[in-house]
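The next block holds one structure in the form of structure tokens; read it before the comments.
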Amino acid sequence: MSYIVDAYFWILKVLIAFLMAAMVVLVFGNVVLRYGFNSGITLSEEVSRWMFVWLTFLGAIVAMRENGHLGVDSLVRRLPLLGKKICFTSSYVLMLYGTSLLLIGSWQQSLINWDVVAPASGLSVACFYAVGLVFGVSTIPILLVGLYRVLLGRADESELVTIRESEEEDVDKIQKRHLADPEGFHGMPAAPAIGGRT
């Protein structure tokens, strides 16, 4: 089962990379055509806008699984175990509620706009709202599993803080791994530490 889940999130990452590359080609290509050849790609603005929305939601799904969303954790880290569990449970219940509303609303909008055609691309506008369905169906299981693990006491205390105030923690972890095993870290030699010490 974990193999299927890993494969699904790998596909999402590939889609994100594809959408980013396609957006660059459409937007940059349109700029070059407009200023250089007095021409343009008709569907560039519309499709790139849709791609950006899909890119954002797909990235949010991946970040949800990897606990990559930024937030304020200074209070939660100082709470005792029970306080962390209460904060975790309440935040996950609220996220489940919000995601459920998004899922229901996206489903209704997709049905309403199924026969509505976008002016430039000719695609169904339901394609735009379908990203909410993908987001809801993908993130609700993540939230339910996290809630299930905490309520049954299977989660470690470190798992109860699912947000970070900054990305500096990741940089610190990478530097510590690099200094602990300089040859094993992609075969690169250890960099000197701040202040000239090695």
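The values are calculated or read from the model by the stated rules, or taken from the named source; none is laboratory data. Computed from a predicted model, the values in this text were never measured in an experiment. So basically every Cβ, Gly included, is an ideal-geometry build from the backbone, and we count neighbours across all protein chains shown.
Inside the range 49-71, can you point out the residues that are free of Cβ contacts under 8 Å to residues at least 24 places away in the same chain and aliphatic (A, V, I, L, M)?
63
Counting only residues that are within 21 Å of residue 153 (Cβ to Cβ) and among the aliphatic types (A, V, I, L, M), which one in the range 84-99 is nearest to the chain's Cα centre (by Cα)? Write out each step before concluding.
Of the range 84-99, the ones within 21 Å of residue 153 (Cβ to Cβ) are 84-93, 95-96.
Filter once more, keeping what is among the aliphatic types (A, V, I, L, M): 86, 93, 95-96.
Details: 86: 25, 93: 19, 95: 15, 96: 16 Å.
Per the criteria, the residue is 95.
Within the range 27-48, how many residues are outside any helix (DSSP H, G or I) and touching a residue at least 40 places away in the same chain (Cβ under 8 Å)?
Selection size over the range 27-48: 2.
Of all the residues that make up the range 9-40, how many are within 24 Å of residue 131 (Cα to Cα) and in contact with a helix residue (DSSP H, G or I) (Cβ under 8 Å, 6 or more places away or on another chain)? Before the answer, list the steps.
Applying the first criterion (within 24 Å of residue 131 (Cα to Cα)) to the range 9-40 yields 9-27.
If we keep only those that are in contact with a helix residue (DSSP H, G or I) (Cβ under 8 Å, 6 or more places away or on another chain) as well, we get 9, 12-13, 15-16, 19-20, 22-23, 26-27.
The number of residues fulfilling the criteria is 11.
Is it true that residue 86 is over 28 Å from residue 45 (Cα atoms), in a helix (DSSP H, G or I) and at pLDDT 90 or above? Lay out the reasoning, then the answer.
Numbers: over 28 Å from residue 45 (Cα atoms): yes; in a helix (DSSP H, G or I): yes; at pLDDT 90 or above: no.
So residue 86 does not fit the description; no.
Yes or no, residue by residue, for (1) within 30 Å of residue 105 (Cβ to Cβ); (2) at pLDDT 65 or above; (3) of a type in the set (S, T, N, Q):
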{"residue": "136", "(1), (2), (3)": "yes, yes, no"}
{"residue": "141", "(1), (2), (3)": "yes, yes, no"}
{"residue": "145", "(1), (2), (3)": "yes, yes, no"}
{"residue": "148", "(1), (2), (3)": "yes, yes, no"}
{"residue": "152", "(1), (2), (3)": "no, yes, no"}
{"residue": "164", "(1), (2), (3)": "yes, no, no"}
{"residue": "172", "(1), (2), (3)": "no, no, no"}
{"residue": "181", "(1), (2), (3)": "no, yes, no"}
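Go through the range 33-55 residue by residue and tally those that are surrounded by 13 or more Cβ atoms within 10 Å (Cβ to Cβ) and at pLDDT below 85.
Here the count works out to 8.
For residue 114, are the conditions met, namely being over 18 Å from residue 149 (Cα atoms) and part of a loop (DSSP other than H, G, I, E, B)?
Working: over 18 Å from residue 149 (Cα atoms): yes; part of a loop (DSSP other than H, G, I, E, B): yes.
Yes: the conditions hold for residue 114.
What number goes with the only condition from (1) aliphatic (A, V, I, L, M); (2) touching a Cys at 6+ places or on another chain (Cβ under 8 Å); (3) part of a loop (DSSP other than H, G, I, E, B) that residue 76 does not pass?
Failed condition: (3).
For residue 21, state whether it is farther than 24 Å from residue 122 by Cβ and exposed (fewer than 14 other Cβ atoms within 10 Å of the Cβ). Break it down into steps so the answer makes sense when it comes.
Details: farther than 24 Å from residue 122 by Cβ: no; exposed (fewer than 14 other Cβ atoms within 10 Å of the Cβ): yes.
For residue 21, the condition - farther than 24 Å from residue 122 by Cβ and exposed (fewer than 14 other Cβ atoms within 10 Å of the Cβ) - is not met.
Of 58, 26, 81, which residue is loosely packed, with under 15 Cβ neighbours inside 10 Å and either of a type outside the set (Ser, Thr, Tyr) or under 17 Å from the mean Cα position of the chain (by Cα) (or both)?
Details: 58 fails: loosely packed, with under 15 Cβ neighbours inside 10 Å; 26 fails: loosely packed, with under 15 Cβ neighbours inside 10 Å.
Testing whether each residue is loosely packed, with under 15 Cβ neighbours inside 10 Å and either of a type outside the set (Ser, Thr, Tyr) or under 17 Å from the mean Cα position of the chain (by Cα) (or both) leaves just 81.
From the list 93, 145, pick out the single residue that is out of contact with any Asp or Glu (no Cβ under 8 Å at 6 or more places or on another chain) and without any contact (Cβ under 8 Å) to a residue 12 or more places away in the chain.
Details: 93 fails: without any contact (Cβ under 8 Å) to a residue 12 or more places away in the chain.
Going through 93, 145 in turn, just one is out of contact with any Asp or Glu (no Cβ under 8 Å at 6 or more places or on another chain) and without any contact (Cβ under 8 Å) to a residue 12 or more places away in the chain: 145.
So, residue 92, is that one in a helix (DSSP H, G or I) and loosely packed, with under 15 Cβ neighbours inside 10 Å or not? Spell out the reasoning first.
Details: in a helix (DSSP H, G or I): yes; loosely packed, with under 15 Cβ neighbours inside 10 Å: no.
The answer is no for residue 92.
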